[in-house]
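The values are calculated or read from the model by the stated rules, or taken from the named source; none is laboratory data. Everything quoted here is computed from the prediction, not taken from an experiment. Cβ placement follows ideal geometry from the backbone for every residue including glycine, while neighbour counts extend to all protein chains displayed.
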Amino acid sequence: MCGRIALYTPPQRLARLLEAALAAGVDPKGEPSWNLAPTRTLFGVVDRGEGRILDAYRWGLVPWFAGLYERWRDPELPADAPRLATCTIVTTAPGPDLDGLHDRMPVVLERDVHDLWLTGADDEQDAVLALCAPTPAGTLAHHPVSSRVGNVNNDDPELVVEALPAPRLF
């Protein structure tokens with residue numbers, strides 16, 4: 001699982017990009033964050049056969065079942081208690097653009113495979129699994145950022161700005 005992401009694209013723009021409707025209660029403008037960590041809110045798209053819906057989810061599956069999202073109810077609470085909507089970011093081995101920086105990277109989906117990812121039938125599972133491959137060289141760019149990103153209390157646009165290398169004293 002990833003440790004941090006920056007999410008500052010408004011939900012209404014994400015929904016438009018992913019050809020989805022906004023779920024009830026999702027603020028179209030949203031609140032930007034440049035330092036989202038697990039347990040914070042992410043947006044995810046689901047298609048349960050009635051069209052794509054962009055909704056808010058708690059990052060981190062509860063319990064940790066395989067999948068991209070889960071709705072969970074604490075068995076100690078009454079049966080009519082609200083369910084906790086949770087999600088995870090699927091990762092894969094690093095592609096050539098990130099190799100040497102980390103032992104994994106988020107799966108990156110091209111626009112033309114969104115339908116397959118969201119609605120893949122049982123006979124398409126091999127094709128869906130193939131989407132979890134690392135990206136080819138030249139797909140992603142990276143740059144160093146401030147070490148401030150290591151503290152979830154820091155959350156401002158400066159966290160995604162390229163950090164200059166520390167000066168060498170000797």
Among the residues of the stretch 122-155, write down those that are touching a helix residue (DSSP H, G or I) at 6+ places or on another chain (Cβ under 7 Å) and of a type in the set (D, E, K, R).
E124, R148
The stretch 15-34 residues that are in contact (Cβ under 8 Å) with a residue 60 or more places away in the chain and closer than 15 Å to D55 by Cβ, paired with ones that are buried (at least 17 other Cβ atoms within 10 Å of the Cβ) and aliphatic (A, V, I, L, M) (beta carbon under 7 Å, 6 or more apart):
L18/V45; L18/L54
Considering A163, A137, which residue is loosely packed, with under 14 Cβ neighbours inside 10 Å and either of a type in the set (A, V, I, L, M) or within 24 Å of A20 (Cβ to Cβ) (or both)?
A137
Before we move on, is G30 surrounded by 14 or more Cβ atoms within 10 Å (Cβ to Cβ) and at positive phi?
yes
Select from the stretch 25-43 the residues that are among the aliphatic types (A, V, I, L, M) and at pLDDT below 95 and list them in ascending order.
L36, A37, L42
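Report whether or not A166 is outside any strand (DSSP E or B), in contact (Cβ under 8 Å) with a residue 40 or more places away in the chain and of a type in the set (A, V, I, L, M, F, W, C).
For A166, the condition - outside any strand (DSSP E or B), in contact (Cβ under 8 Å) with a residue 40 or more places away in the chain and of a type in the set (A, V, I, L, M, F, W, C) - is not met.
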Scanning the stretch 64-112 for residues that are touching a Leu at 6+ places or on another chain (Cβ under 8 Å), under 14 Å from T135 (Cα atoms) and of a type outside the set (D, E, K, R) gives V90, P94, G95, L98, M105, V107, V108, L109
Here are some conditions: (1) within 25 Å of R40 (Cα to Cα); (2) surrounded by 15 or more Cβ atoms within 10 Å (Cβ to Cβ). D97 meets all but one. Which one does it not meet?
(1)
Residue, farthest from the chain's Cα centre (by Cα), within the stretch 1-55, restricted to residues that are acidic (D, E) and under 25 Å from L159 (Cβ atoms):
D27
